[in-house]
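Below: one structure, written as structure tokens.
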Amino acid sequence: MLETYSPSGSEHDLSILLLNELSKYGFTSHKDKAGNVIGHAGQEGPKILLCGHMDTVKGELPVFEKDGYIHGRGAVDAKSSLAAMIVGCAKAIHNHVPFQATIAGVVEEETTSKGIISITDDKTAYDLAVFGEPSGVSNIIIGYKGSVRLEITAQSLGGHSSSPWLSRNSLEDAFDFWECLRDTLLENSASSKFESITGALVSASSTPGGNSIPTHAVLGIDLRIPPRISPRELIQKLERFRASYSERSKAQIILQFGDETKAFLGADDSLGVRAFRYAIRKTTRSNVSLVKKTGTSDMNILAQFSQASMIAYGPGDSSLDHTKLEKVSISEYIDSIEIYSTAIEKFASLATRSLETANA
């Protein structure tokens, strides 16, 4: 999988590889309209979705093994997780535990979320949804922050750069607004980053250039939000702040909003958490930590349409995401396969028992 380069939008070659592998493992597999690879197995028992993304960020890296690690683009984010869930699920199937599995290798998780949006269209009522993301072998991810994309646009009449005191500068106005917004509404310095509204300046542009003072400037901001506030609530707060700021400063500021994603936080004692906690302890003999991520994943999107128990799990150190240093421990990868297999079996048992108790 690592040797098959698959940046977002170019997952076709990897999808062919996975279709062949799923068939070898006994899954009925196909590609859906979005380009996702979908595999099905099992006819009875709880319905389990195992979802990992085929795409990576751009930047091909050499693939090699050294000192107990496999290096390559996607080794951490997140081909090792997708591979582990496929092999782990196949192991659980061979142990004849009754459950219905859907493997989904989705496209464009790093960009448009096109793949997971397509998955939500089938309206399947899953009992458990697991997302393949680097948690570390002994950690279970139960939450992700939401996000809002913001563009700050400032406009002015401009003038000649030799006389900056005569004209408003739209680029300076944009930066002044951003700094005031950051210092007033954002909480980047709070101790709990998961519970805070945080944001980062990610792009800046202005026109015209040369010896003219900018008349039009745009700043791109990536905002991350906790479960306590929805994207709509944050947008309303930002608009009120802009109106008050513009009245005070007389700067012409316009806010435009792009993609919005709600935060998600699952229960820390769900059947999914209990199953994976059991599997991790049994496999590694180590303590288990529940993790809340400051990033955003496909889990946020499915959570808006499904009542399934949801977690994210997979091998790898997420601090290596999107870097040139991506590598995954071979022993951790092998352990994660066993954990997936054991957790699936445990969940099937717990879910069946819970249903029997409810029907008694």
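Subtracting the Cα-Cα distance of residue 216 and residue 195 from their residue separation scaled by 0.36 nm leaves 4.1 nm. Approximating the spin labels as points 7 Å out from Cα along Cα→Cβ, the residue 20-to-residue 60 distance works out to 1.8 nm. In the chain, Cα pairs under 8 Å separated by at least six residues give a relative contact order of 25 percent.
With the contact rule set at Cα under 8 Å and sequence spacing of 6 or more, what percent relative contact order holds for the range 146-261?
Values: 219 pairs, mean separation 49.6, N = 116.
The value is 43 percent.
For the modelled label position 7 Å from the Cα of residue 246 along Cα-to-Cβ, which residues of the range 170-199 have backbone nitrogen atoms closer than 19 Å? Counting only backbone N, you get 170-182, 185.
Classify the range 146-261 from the C-alpha gyration tensor, please: rounded if a/c falls under 1.5, else prolate or oblate depending on whether a/b exceeds b/c. Don't skip to the answer; put the middle values down first.
Numbers: a/c = 2.40, a/b = 2.21, b/c = 1.09.
In terms of gyration-tensor shape, prolate.
Here residue 232 and residue 33 are evaluated by their C-beta separation; at R0 = 22 Å the FRET efficiency comes out at 0.15.
Does the range 282-354 classify as rounded, prolate or oblate by the C-alpha gyration tensor (a ≥ b ≥ c root eigenvalues; a/c under 1.5 gives rounded; else a/b over b/c gives prolate, otherwise oblate)? Show your work: numbers first, answer last.
Details: a/c = 2.39, a/b = 1.19, b/c = 2.00.
Oblate shape, in that a/c is at least 1.5 and b/c is the bigger or equal ratio.
Sorted fewest first by neighbouring Cβ atoms within 10 angstrom, 335, 127, 122, 32 come out as 122, 32, 335, 127. Taking Cα extents along the principal axes in Å as calculated from this structure, the corresponding entry among [x] 57, 51, 38; [y] 94, 48, 43; [z] 79, 50, 39 is [z].
Each residue in 123, 282, 31 was given a count of other beta-carbon atoms within 10 angstrom of its own, and listing them fewest first yields 123, 282, 31. Where only DSSP H runs of four or more residues are counted, the chain gives -11000 deg cm²/dmol as its mean residue ellipticity at 222 nm, each run worth -39500 (n - 2.57). Determine the distance separating the Cα centre of the range 149-221 from the Cα centre of the range 40-67; give it in Å without decimals. A separation of 39 Å, based on Cα centres. Oblate is the label for the range 239-360, because the ratio a/c of its alpha-carbon gyration tensor axes (a ≥ b ≥ c) is 1.5 or higher and a/b is not greater than b/c.
Residues 175, 276, 64, arranged from fewest to most other Cβ atoms within 10 angstrom of their Cβ, appear as 64, 175, 276.
The numbers here are math on the coordinates, done by the rules we state, and not lab data. The model shown is predicted, which means the values in this text are computed figures rather than measured ones. Glycine also receives a Cβ, built like all others from the backbone with ideal geometry; neighbour counts cover every protein chain displayed.
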